[in-house]
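Notes follow the structure.
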Amino acid sequence: MKANKEALITRNYIQFCYTCQKAHECTTEKQCMACWVEKGMMPAEFLEAEETKRLLREYAL
């Protein structure tokens, strides 16, 4: 799953962000992923999984 996610992120950066007129507005990977989900370029499950991981890490501390 992680390799698939990394490949998807890399592909999207190259394919969509490089030519995007608003690329300068996305300063984090999370902002880029939200943009891709909004535009239908990435499944929303990836964002939900990242949020779950973050919450679990915070809970563990």
For this session: Please work out if residue 31 is within 14 Å of the chain's Cα centre (by Cα) and not small (Gly, Ala, Ser).
Result: yes
Problem set entry | Hits in the stretch 42-52 - residues which are under 14 Å from residue 8 (Cα atoms) and open to solvent by 50 Å² or more (accessible area, probe 1.4 Å) | 43, 45
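Conditions tested, residue by residue: (1) open to solvent by 100 Å² or more (accessible area, probe 1.4 Å); (2) modelled with pLDDT under 80.
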position	(1), (2)
21	yes, no
26	no, no
31	no, no
37	no, no
40	no, no
54	no, yes
58	yes, no
61	yes, yes
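The values are calculated or read from the model by the stated rules, or taken from the named source; none is laboratory data. None of the values given here were measured: they were computed from a predicted structure. Areas reflect the complete protein model, heavy atoms only, side chains present, ligands, DNA and RNA absent. Shrake-Rupley method; radii C 1.70, N 1.55, O 1.52, S 1.80 Å.
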